[in-house]
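To start, the structure under review is shown below, and the notes come after it.
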Amino acid sequence: MEFQHTSVLLTESIAALVTDKSGVYVDCTMGGAGHSLAIASFLDAEGHLVSIDQDTAAIAAGRQRLAQAACKITVVHDNFRNLNAILDSLDLDMIDGALFDLGVSSHQLDTAERGFSYMQDAPLDMRMDSRQELSAFQVVNMYTEERLEKVIRDYGEERWARRIAQFICKARMHQPLETTGQLVDVIKRAIPAAARREGPHPAKRTFQALRIEVNDELGILRVAFEAAINRLRPGGRICIITFHSLEDRIAKQTLQNLAKSCICPPRLPICVCNAKPAVKIIGKPLAPTAEELETNPRARSAKLRIAQKV
């Protein structure tokens with residue numbers, strides 16, 4: 001299956017990100033290479049684009065799609081949590097821009113055997129990097145009831161987390177839950193009928209929670225954002241596209257903290273920290289246009305946050 005993914009907020013993010021056609025830019029989440037191709041189209045032969053992804057299919061597709069770019073291209077099979085090490089290995093001390101397009105790609109959702117979708121029956125997997133050991137099968141079948149409840153509540157913001165965890169643990173006593181279809185059936189039994197009739201698909205929040213847990217999606221964000229900002233040249237920009245409130249909260253708080261001119265405790269009458277802001281936040285978060293939502297409904301929850309290195 002060809003790697004297909006519709007890039008979200010493409011025009012807005014590239015317009016904000018690329019300020020120097022001969023600069024060095026990092027697409028930390030290459031995916032289907034939509035953003036990478038757009039960045040490359042603005043760069044000249046002196047420009048350099050580094051595109052990172054942990055998904056083997058994305059790496060293969062990205063290398064092919066970027067082969068004809070005019071600028072220098074480096075495709076890296078790794079996780080953006082290792083951004084500093086990646087840039088060090090490429091002898092790149094400073095960069096002019098970094099883009100994070102978070103969440104799961106359309107290709108991963110649509111490839112049934114990856115196990116990301118509650119709409120298709122497939123093995124419980126959800127690994128963005130197939131080289132890692134932890135999968136959704138292990139989380140669902142080996143976590144304690146208490147730990148499972150915490151994952152579903154904290155990462156899925158699911159009000160029925162306790163019942164879902166209880167029902168999963170009861171079901172797996174008879175036999176392991178091996179497929180997404182089996183898990184969806186258990187979730188539907190756990191959520192009362194009245195609650196299932198309103199809101200999104202009953203399994204949506206639990207599947208989001210499992211995906212975040214398997215891939216440590218939230219644990220790596222703050223460190224990666226700060227690493228990218230530390231490597232930015234003055235005037236360089238970071239663009240972060242989020243798809244749910246947990247990601248967006250981390251992006252918002254990280255940028256706000258780095259934009260502060262004082263980090264002293266509020267009780268002090270005068271500033272003694274002599275801290276200087278690392279970034280300036282550019283405008284308010286951007287949302288997809290009505291036209292984009294018509295062609296790509298999956299973009300409906302997306303937000304784009306932009307900041308510039310001071």
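Please go through region 16-60 and give me each residue that is in a helix (DSSP H, G or I) and in contact with a helix residue (DSSP H, G or I) (Cβ under 9 Å, 6 or more places away or on another chain), ordered by number. Within region 16-60, L17, G34, H35, S36, L37, A38, I39, S41, F42, A57, A58 meet the criteria.
Going through region 138-160 one residue at a time, which ones are part of a helix (DSSP H, G or I) and open to solvent by 60 Å² or more (accessible area, probe 1.4 Å)? Passing the criteria: M142, E145, E146, R147, K150, R153, Y155.
The set of residues from region 289-307 being in contact (Cβ under 8 Å) with a residue 24 or more places away in the chain, surrounded by fewer than 16 Cβ atoms within 10 Å (Cβ to Cβ) and under 23 Å from R249 (Cβ atoms) comprises just one member, S301.
Looking across region 16-71, the residues that are in contact with a Phe, Trp or Tyr (Cβ under 9 Å, 6 or more places away or on another chain), closer than 17 Å to V104 by Cα and aliphatic (A, V, I, L, M) come down to A33, I52, A57, A58, A61.
Among residues of region 161-178 that are open to solvent by less than 50 Å² (accessible area, probe 1.4 Å), those with a beta-carbon under 7 Å from a residue that is outside any helix (DSSP H, G or I) and of a type outside the set (A, V, I, L, M, F, W, C) at least six positions away or on a different chain give the pairs I164/E158. Could you please find all residues in region 255-277 being within 27 Å of R237 (Cβ to Cβ), free of Cβ contacts under 8 Å to residues at least 12 places away in the same chain and open to solvent by less than 90 Å² (accessible area, probe 1.4 Å)? The answer is N257, C273. Residues in region 92-123 that are open to solvent by 10 Å² or more (accessible area, probe 1.4 Å), at pLDDT 95 or above and under 19 Å from I59 (Cα atoms): 1 in all. Here is the figure for region 49-75: residues that are open to solvent by 20 Å² or more (accessible area, probe 1.4 Å), of a type outside the set (G, A, S) and over 17 Å from the mean Cα position of the chain (by Cα) total 8.
The values are calculated or read from the model by the stated rules, or taken from the named source; none is laboratory data. Just so it is clear, the model here is predicted, and its values are computed rather than measured. Ideal geometry is used to build each Cβ from the backbone, glycine not excepted, and the neighbour counts take in all protein chains shown. Keep in mind that these areas ignore ligands, DNA and RNA; they rest on the heavy atoms of the full protein, side chains included. Shrake-Rupley method; radii C 1.70, N 1.55, O 1.52, S 1.80 Å.
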